[in-house]
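Let me begin by presenting the structure, written as structure tokens, before commenting on it.
Values in this text are rule-based calculations from the coordinates and carry no lab data. Everything quoted here is computed from the prediction, not taken from an experiment. Glycine also receives a Cβ, built like all others from the backbone with ideal geometry; neighbour counts cover every protein chain displayed.
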Amino acid sequence: MAEPVIGIDLGTTYSAVGIVEAGFPILLADEGGERLTPSVVWFGPEGVKVGRPALRESPAGRLVRSAKRQIGVRFGEHIEAGLPLVRDSAGGIAFETSEGPRTPVEVSRVLLSELKRIAEYRLEREVRKAVITVPAYFNNAQREATKQAGEEAGLEVLRLVAEPTAAALAYGMNKLGESARVAVFDLGGGTFDVSILELREGVFEVLATGGDTRLGGDDIDALILELVRQGSGLVGAALEDLEIDSDRLAREAERVKRELSIENHAVFRLPFYDGVQSLEVEVTRDDLERVMGPLLSRMERICREVLVDAAMEPEEVEAAVMVGGSSRVPVVQKLAGTVFEREPDCSQHPDEAVALGASIQAGIIAGTWREVLLLDVTPLSLGIETLGGLMNVLIPRNTTIPCKVGEMFTNARDGQDSMRVRVLQGERELARDNWELGKFDLSFRSAPRGKARVGVQLSLDENGILEVLARDVEGTGDDIIVRIESAAVDVNEEAVEQMVEESVEHAFEDMNARIFAEAQLKAEELLPAVRAALAEIGSVLSKEELEEIRLAEVAVEEGLTAGEANLLKGAVERLDQATEALAARLVEKAIAEG
Ligand code: ADP
Ligand code: MG
């Protein structure tokens with residue numbers, strides 16, 4: 001029998017593991033028959049506990065939740081967590097537990113070891129290979145860190161698969177052969193993701209993806225607590241003043257939320273919270289739906305943006321596939337129905353679809369599942385800084401991966417013999433507004449301005465890991481190959497969203513900045529050339545021609561000092577036109593002399 005390859009959904013709230021057996025994907029349950037493992041780790045003096053046993057321990061300072069939110073994120077860019085966070089020696093983040101600092105990679109390693117153990121227990125054999133899912137928005141650092149956690153857990157990570165792709169794979173399982181474009185709507189514990197994928201005879205292609213890494217079931221729990229606070233007559237922060245363990249409040253709020261997914265009302269109960277008094281507050285589904293208004297609007301806006309990115313009308317989406325535990329909330333389903341103008345498709349198990357999809361992908365690799373091609377996309381554009389400090393996009397956002405793109409660059413100055421290659425990620429027009437993934441210098445034979453030829457190629461593998469190749473095409477022929485390592489990445493997932501938002505927000509500004517930078521380059525090239533030509537053969541021009549050139553020159557200088565994009569662009573064009581005759585004479589002279 002072939003070596004087993006397992007599929008893992010390493011979720012923020014819950015994780016699961018599965019495999020393809022006898023041609024079907026199945027999830028593997030632990031000793032207690034549970035297929036979902038809470039993604040929590042408890043660090044105690046006598047050892048470590050994972051999942052449900054960890055939740056049963058008294059948590060103070062020892063229970064790490066939602067480690068996925070901090071993985072691959074640098075200190076200073078993290079978001080708040082249940083435990084205090086400290087900076088680790090490598091500039092990353094660590095959870096300050098009573099047993100000392102624990103990094104998100106360590107915590108994930110413990111979770112993955114547990115999932116590996118569950119699989120080995122069920123399969124009764126050693127497991128060494130896995131496919132792990134990651135959010136579509138994970139950047140290089142977050143992917144690398146996830147992979148590292150897997151490897152530290154003793155798993156060879158054969159592939160990282162985007163969660164929506166996995167969900168679509170689970171959905172498309174019995175629909176292969178058909179052609180469909182589906183939206184995957186994933187509302188989990190703390191994150192929201194929407195993607196539009198195309199399924200074509202077993203080929204999956206992600207058309208667009210978007211989301212919010214701070215929008216999920218936890219926010220609904222918080223709203224329930226707010227309703228309870230109001231309904232209990234306890235104003236302001238009085239609920240906190242009761243000094244009830246916040247974990248107990250959160251657990252009860254979550255229970256009420258789940259009940260409201262089925263019932264029209266539920267009662268929030270805290271019996272004898274202080275030994276004497278009890279709290280009982282009724283919460284109705286109507287109340288919840290009313291206070292969820294702002295959350296729903298955010299979801300709606302994101303869905304509409306993804307539709308725009310995919311250049312699709314809602315009616316072109318053939319199914320809105322609902323996944324993630326919070327997609328069970330009726331008003332959330334209703335919202336998806338409204339945006340995509342159809343009944344939402346709730347055929348998939350909301351908590352299990354991603355793990356099943358990961359298992360199918362694992363089966364494809366192991367050869368236990370028939371051949372299906374998997375395609376993914378880049379969440380943000382990748383490119384190189386070019387002359388004038390502009391971003392030159394080589395791989396646009398939402399490009400299907402794996403992919404490879406190359407372009408030729410040249411030197412900006414005479415006699416220049418090396419070039420700094422800066423690899424950028426982002427959606428902004430100016431290099432400085434994007435993120436630098438890495439930089440290195442490539443040397444070449446000294447050449448006049450514009451004469452050196454440097455080829456730069458970006459290739460993204462199926463795991464979303466980037467390799468940059470730079471080559472001096474004419475000269476030494478030396479290649480520099482740089483693999484973008486996590487340490488070089490200075491970004492986090494929340495910032496990804498911000499990047500996309502900012503690119504929209506600053507769209508006009510950016511366009512002006514680009515126009516100015518381009519016109520400035522042109523001006524810097526034109527002005528010295530014009531002056532040199534005038535000195536050489538200026539005498540052959542008419543007085544009017546000379547006057548027009550002088551005026552155009554002044555206009556360019558003014559445009560440069562004013563920093564006005566359109567002013568400068570117009571002036572440069574004017575100068576270009578005014579010197580046409582001059583340029584023609586120069587050519588004539590050269591021919592005559594030659
Ligand atoms: P993640 O992908 O973030 O690990 P999941 O997809 O497992 O998360 O979803 C977990 C979230 O789903 C939690 O916030 C949980 O409270 C919520 N959830 C689970 N079941 C229900 C339900 N029946 N009604 C409402 N919310 C639910
Ligand atoms: Mg999930």
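In order along segment 116-132, the phi-based Karplus estimate (6.51 cos²θ - 1.76 cosθ + 1.60, θ = phi - 60°) of 3J(HN,Hα) comes to 4, 4, 4, 4, 5, 5, 6, 7, 6, 7, 6, 10, 10, 10, 8, 10, 10 Hz; Gly and Pro are listed as x. For residue 124 and residue 342, what is the calculated FRET efficiency with R₀ set at 60 Å and r taken between the beta-carbons, to the nearest 0.05? My answer for the efficiency is 0.85.
Remark: the chain carries a charge dipole of roughly 1140 debye about the Cα centre, counting +1 on each Lys and Arg Cβ and -1 on each Asp and Glu Cβ.
What list do you get for 58, 539 if you sort them by fewest beta carbons within 10 Å?
Values: 58 11, 539 8.
The most exposed by this proxy come first: 539, 58.
Maximal additional length on extending the residue 562-residue 156 stretch stands at 140.4 nm, based on 0.36 nm per residue less the C-alpha distance. Database remark: amide H of residue 409 closer than 5 angstrom to the amide H of 454, 455, 456 (H placed geometrically; neighbours at sequence offset of 5 or more, or on other chains; Pro and chain starts carry no H).
Couplings 3J(HN,Hα) for segment 46-54, derived from phi with the Karplus relation 6.51 cos²θ - 1.76 cosθ + 1.60 (θ = phi - 60°), are 9, x, 10, 10, 10, x, 4, x, 5 Hz, where x marks Gly and Pro. Considering helices alone, the calculated mean residue ellipticity of the chain at 222 nm is -12000 deg cm²/dmol, with DSSP H runs of length four and up weighted by -39500 (n - 2.57) and normalised per residue. Put in order of Cβ neighbour count within 10 Å, fewest first, the listed residues 403, 346, 303 become 346, 403, 303. Under the simplified labelling scheme, the residue 214-residue 407 pair shows an inter-label distance of 3.3 nm, with each label point 7 Å from Cα along Cα→Cβ. Beyond 16 Å, the tail of the calculated P(r) for segment 507-580 holds 46 percent of the Cα pairs. When the charge dipole of segment 382-491 is built from unit charges on Cβ atoms (+1 for Lys and Arg, -1 for Asp and Glu) and taken about the Cα centre, the candidate among 431, 411, 395 whose Cα reaches farthest toward its positive end is 411. When you filter the chymotrypsin sites (Phe, Trp or Tyr not before Pro) in segment 388-444 for DSSP loop state and at most 13 other Cβ atoms inside 10 Å of their Cβ, nothing is left. In order along segment 263-280, the phi-based Karplus estimate (6.51 cos²θ - 1.76 cosθ + 1.60, θ = phi - 60°) of 3J(HN,Hα) comes to 9, 7, 8, 8, 10, 7, 10, 10, x, 6, 4, 10, x, 10, 8, 10, 10, 9 Hz; Gly and Pro are listed as x. Altogether, the Stokes-Einstein calculation at 37 °C and 0.692 mPa s, with the Kirkwood radius of segment 411-474 over Cα pairs as Rh, returns a diffusion coefficient of 251 µm²/s.
May I ask for the Kirkwood hydrodynamic radius of segment 1-105, worked out over all distinct Cα pairs and given in angstroms to one decimal?
For segment 1-105, inverting the mean 1/r across all distinct Cα pairs yields 15.2 Å.
Its Cα gyration tensor gives segment 382-491 an equivalent ellipsoid, and the semi-axes of that ellipsoid, as √(5λ) in whole Å with the largest first, are 23, 15, 12. Close amide H contacts of residue 161 (hydrogens built in the peptide plane, cut-off under 5 Å, sequence separation of 5 or more or a different chain): 132, 133, 134. Cross-link pairs exceeding 27 Å between alpha carbons, from the set 257/334; 116/439; 439/569; 522/589: 116/439; 439/569.
Of the trypsin sites (Lys or Arg not before Pro) found in segment 96-163, the ones in coil according to DSSP and having at most 12 other Cβ atoms within 10 Å of their Cβ are 125. Each of 66, 108, 278 was scored by other Cβ atoms within 10 Å of its Cβ. Listed from fewest to most, they are 278, 66, 108. Stretching the chain fully between residue 414 and residue 527 yields a gain of 39.1 nm (0.36 nm per residue, less the alpha carbon separation).
Label-to-label distance, residue 441 versus residue 99, with points set 7 angstrom from Cα along the beta-carbon direction: 4.7 nm. Taking the chain as the reference, fit the longest principal axis to its C-alpha atoms, fit the long axis of helix 507-537 to the helix C-alpha atoms, and give the angle between the two in degrees, 0 to 90, nearest 10. Approximately 20 degrees, to the nearest ten.
Amide H contacts of residue 424 (H built 1.01 Å from N, in plane; Pro and chain starts excluded): 383, 384, 385, 437 sit under 5 Å, all sequence-distant by 5 or more or on other chains.
In the chain, taking the dipole from charged Cβ atoms about the Cα centre, the farthest positive-side position among 83, 47, 440 is held by 47. As a size descriptor, the averaged projected area of the C-alpha convex hull of the chain was calculated at 34.7 nm².
Exactly which chymotrypsin sites (Phe, Trp or Tyr not before Pro) in segment 268-305 are in a DSSP loop and have at most 13 other Cβ atoms within 10 Å? In loop regions of segment 268-305 (DSSP not H, G, I, E or B), the sparsely surrounded chymotrypsin sites (Phe, Trp or Tyr not before Pro) are 272. With K and R counted +1 and D and E -1, the other residues having a Cβ less than 15 Å from that of residue 329 yield a net charge of -4. Beta bridges assigned by DSSP with both partners in the chain are antiparallel in approximately 80 percent of cases. Net charge within 13 Å of residue 283 by Cβ-Cβ distance, Lys/Arg positive one each and Asp/Glu negative one each, not counting residue 283 itself? Cβ neighbours under 13 Å give a net charge of -4.
Charged side chains reduced to their Cβ positions (Lys and Arg at +1, Asp and Glu at -1) give segment 1-144 a dipole of some 200 debye around its Cα centre.
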